[in-house]
Amino acid sequence: MRPTHALVVLLALIAATPARAELTAEDRLQALYSPMFAFTRDNVPIVRVGLITGADEVRVETHGPARLSAADAGGLEWWLDRPATLRVVRRSGTPAGVRYNVVVEAVHAGDFDALRARTEAWKMLGYPVKAVEKGRVFGYFGKLFDNRRVELMVERTFDTRAAAEKLVAEIAATTPGDFGVRALLDTLPSGEMEVFIEGVPGSLRSTSVFSVEPRDGAGVTVRDVEFGRGFSWNKRETLEYEGEIYVTFGRDGKLAAANTVDAETLLKGVVAGEIFANAPLEALKSQAVTARGEILSKIGLRHEADPFHICSDVDCQVYKGRSHRTPAIDQAVDATRGEMIFARGALVPAFYHSDSGGFTEANENAWMDQDPDPALRCAPDLPDVPKGFEQGVPPERVGEWIDRPPVTWSSELSQAKNTFRWSRTVPRRDVEAGLPKVAGSPAGGRLEKLEVTKRGCSGRARAVTFTVDGKPYPVEGELVLRKLLGGKDALRSSLFVVDLAGDALAFRGGGFGHGVGMSQMGAIGRAKAGHGYKQILGAYYLGSEILKIY
């Protein structure tokens with residue numbers, strides 16, 4: 001990093017801390033692409049949250065004193081003693097070396113019998129596979145945190161995602177399943193960025209990582225943070241954050257920006273992004289506890305080819321920094337500090353969703369690569385269960401359940417008017433356009449019929465057979481079906497009945513999201529009825545207990 005003379009005059013040069021001086025630029029970049037994480041002095045995990053990817057320019061505004069540093073500056077740092085606007089511009093960039101792998105199945109990390117059996121089964125199908133472990137295991141205050149799983153990947157690797165997705169379609173045409181593509185890095189990205197400070201002559205340059213760390217409680221504003229990528233409601237926002245903001249090179253050779261923040265501060269921004277700020281306090285506490293467990297359960301499983309642990313979008317958990325926090329949200333997080341959900345001595349993956357539609361779903365029905373979790377079973381999300389629905393929603397009565405629903409914990413909420421029950425019309429051509437990629441049907445084929453062949457206990461569709469030009473094409477997977485059937489925008493849930501008439505598919509549906517774990521709308525309804533957060537969580541995570549870890 002080379003400051004101009006003018007900048008040296010305006011920025012106070014200081015010695016770097018020993019911890020930073022020991023890391024080379026390559027070491028720092030390597031660390032950002034690793035699942036390793038640290039803790040604060042009071043044992044709170046420190047998390048790196050991705051805010052921006054694929055950018056040619058990142059704009060950051062400081063609101064008070066801040067420290068500027070770069071991993072390749074020989075251990076030097078600069079103090080900025082006033083608010084300022086910084087512009088980080090990519091001058092050059094080389095993408096990382098990426099291999100794209102087709103994932104056909106996942107098994108528990110310790111289930112060696114299943115691993116051998118499934119490996120042989122895929123070999124017999126003509127797709128030799130290799131086993132690759134992902135996730136982490138560590139002890140923390142006497143508790144075991146283990147989110148490891150072994151993914152079975154086709155041995156052949158690809159240079160592009162499109163080529164890997166072509167193989168996914170080929171496999172899907174003959175073998176139902178929830179297949180995916182996983183990117184693994186061979187080499188790190190590289191490039192050069194230039195940093196401009198508004199009103200200050202000259203610039204700073206870096207070839208690795210540039211960071212801004214506010215002091216004295218001042219925040220940092222980041223412009224153009226993207227939300228809803230791939231959805232019709234995609235947008236960009238300007239948001240304020242606490243903690244360090246760093247800019248580095250993403251796997252595409254462009255700029256990526258992220259926020260380094262302790263988990264409790266992160267949670268306040270997550271709760272603000274995930275649930276209505278005016279929700280009752282006990283619902284906010286419920287959201288805080290589930291989101292806290294979700295942070296730790298996702299590290300090492302998401303974004304392993306990105307320079308951060310988790311993202312700030314719906315793929316992980318929506319994180320809005322401190323821009324949308326309220327005193328009630330801060331109170332809810334502080335009141336549940338360090339609390340997480342455990343069952344049988346292990347952390348429960350605290351999945352949650354917007355609205356169950358009446359019953360929550362079993363985890364293996366939403367994600368075929370998961371083993372059944374006793375804490376994540378089908379459970380009624382209503383005060384009184386109607387006769388005939390004691391074990392869930394029978395497949396033959398889904399239409400009745402949707403059209404004549406009973407009173408549930410969310411059905412009377414004004415916030416749930418568009419989530420509890422909904423309708424949607426999707427052009428036939430939009431579904432036909434997605435079928436070749438997902439089901440392996442011929443391009444330009446005519447969709448003649450579709451039939452739900454499997455449903456979960458909540459009534460959500462797990463498998464659908466599409467008849468295209470007289471030939472059946474089965475498709476499985478809750479999210480796969482929602483994206484395929486929604487055309488340009490995913491369906492709100494797979495709890496639906498559908499009529500194919502003319503050039504459109506007419507859906508009548510209920511709920512919003514995968515249905516596993518806590519229903520946010522249900523939690524609000526229960527809290528309004530006087531339930532405490534522990535009672536609320538006990539209804540969604542069966543046989544669990546809430547433990548304070550730190």
Point to revise | Candidate set from region 39-53 (those that are assigned to a loop (DSSP other than H, G, I, E, B), under 17 Å from R292 (Cα atoms) and of a type outside the set (S, T, N, Q)); member that is modelled with the lowest pLDDT | key: D42
Check your understanding: Among the candidates V209, V132, V154, which residue alone is surrounded by 13 or more Cβ atoms within 10 Å (Cβ to Cβ) and closer than 26 Å to D56 by Cβ?
Key -> V209
Review point. Which members of region 230-247 meet the condition of being out of contact with any strand residue (DSSP E or B) (no Cβ under 6 Å at 6 or more places or on another chain) and within 30 Å of L184 (Cβ to Cβ)?
Key: G230, F231, N234
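Does D56 satisfy being surrounded by fewer than 21 Cβ atoms within 10 Å (Cβ to Cβ) and closer than 25 Å to E304 by Cβ?
Details: surrounded by fewer than 21 Cβ atoms within 10 Å (Cβ to Cβ): yes; closer than 25 Å to E304 by Cβ: yes.
Answer is yes for this residue.
Consider V220 carefully, then state whether it is under 30 Å from D56 (Cβ atoms), at pLDDT 95 or above and not acidic (D, E).
Values: under 30 Å from D56 (Cβ atoms): yes; at pLDDT 95 or above: yes; not acidic (D, E): yes.
Yes; evaluated as a whole, the condition is true for this residue.
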Point to revise | helices (runs of 4 or more DSSP H) within region 455-550 that include 3 or more residues surrounded by fewer than 24 Cβ atoms within 10 Å (Cβ to Cβ) and of a type in the set (K, R) | key: none
Review point. Within region 164-172, can one find any residue that is closer than 24 Å to I46 by Cα, buried (at least 17 other Cβ atoms within 10 Å of the Cβ), under 25 Å from the mean Cα position of the chain (by Cα) and of a type outside the set (V, I, T)?
Key: no
Practice item. Considering only region 111-164, state which residues are modelled with pLDDT under 90 and of a type in the set (D, E). Key: D111, D146
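Can you tell me which residue among T160, T119 is in contact (Cβ under 8 Å) with a residue 12 or more places away in the chain, among the β-branched types (V, I, T), exposed (fewer than 13 other Cβ atoms within 10 Å of the Cβ) and not assigned by TED's automatic domain parsing to the domain that holds Y33?
Details: T119 fails: exposed (fewer than 13 other Cβ atoms within 10 Å of the Cβ).
Only one candidate passes the filter, namely T160.
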Revision key, fill the gap. Contact list, first residue from region 54-72 and in the same structural domain as E213 (by TED's automatic domain parsing) and assigned to a loop (DSSP other than H, G, I, E, B), second anywhere and surrounded by fewer than 18 Cβ atoms within 10 Å (Cβ to Cβ) and hydroxyl-bearing (S, T, Y), beta-carbon distance below 9 Å, six or more apart or interchain, is A71/T24; D72/T24
Exercise for review: From the list Y319, Y246, pick out the single residue that is more than 22 Å from F145 (Cα to Cα) and under 20 Å from the mean Cα position of the chain (by Cα).
Suggested key: Y319
Exercise for review: Scan region 355-401 for residues that are of a type in the set (V, I, T), more than 15 Å from G538 (Cα to Cα) and either assigned to a loop (DSSP other than H, G, I, E, B) or touching a helix residue (DSSP H, G or I) at 6+ places or on another chain (Cβ under 6 Å) (or both) and jot them down.
Suggested key: V385, V393
Study note, to complete from the structure: Residues of region 293-308 being at pLDDT 90 or above, in a helix (DSSP H, G or I) and either touching a Leu at 6+ places or on another chain (Cβ under 8 Å) or not charged (D, E, K, R) (or both), in sequence order, are G293, I295
Point to revise | Conditions (1) under 26 Å from K254 (Cα atoms); (2) part of a strand (DSSP E or B); (3) not β-branched (V, I, T); number of the one not met by F138 | key: (1)
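Being of a type in the set (F, W, Y) and touching a residue at least 60 places away in the same chain (Cβ under 8 Å) is the filter here, so list the residues in region 89-114 that pass it. Give the steps one after another, and end with the answer.
Here is the first cut: in region 89-114, the residues of a type in the set (F, W, Y) are 100, 112.
Of everything in region 89-114, just one residue is of a type in the set (F, W, Y) and touching a residue at least 60 places away in the same chain (Cβ under 8 Å), namely Y100.
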Revision key, fill the gap. Among A346, A362, A350, A379, the single one that is loosely packed, with under 15 Cβ neighbours inside 10 Å, aliphatic (A, V, I, L, M) and not assigned by TED's automatic domain parsing to the domain that holds K268 is A346
Exercise for review: Among the numbered conditions (1) of a type outside the set (D, E, K, R); (2) touching a helix residue (DSSP H, G or I) at 6+ places or on another chain (Cβ under 7 Å); (3) within 19 Å of M36 (Cβ to Cβ), tell me where Q287 comes up short.
Suggested key: (3)
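Yes or no: region 538-547 includes at least one residue that is of a type in the set (V, I, T) and within 21 Å of the chain's Cα centre (by Cα). Don't jump to the end; show me each part of the working.
Kept after step one, since they are of a type in the set (V, I, T), are these residues of region 538-547: 546.
This time we only want the ones that are within 21 Å of the chain's Cα centre (by Cα), so: none.
No: region 538-547 contains no residue that is of a type in the set (V, I, T) and within 21 Å of the chain's Cα centre (by Cα).
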Check your understanding: Does E244 satisfy the criteria of being acidic (D, E) and touching a residue at least 40 places away in the same chain (Cβ under 8 Å)?
Key -> no
Exercise for review: Tell me which residues, restricted to region 128-147, are free of Cβ contacts under 8 Å to residues at least 60 places away in the same chain, of a type outside the set (F, W, Y) and within 19 Å of A350 (Cα to Cα).
Suggested key: V137, G139
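The values are calculated or read from the model by the stated rules, or taken from the named source; none is laboratory data. Not measured: the values here are computed from a predicted model. For neighbour counting, all protein chains shown are included, and Cβ atoms are generated from backbone atoms with ideal geometry for every residue, glycine included.
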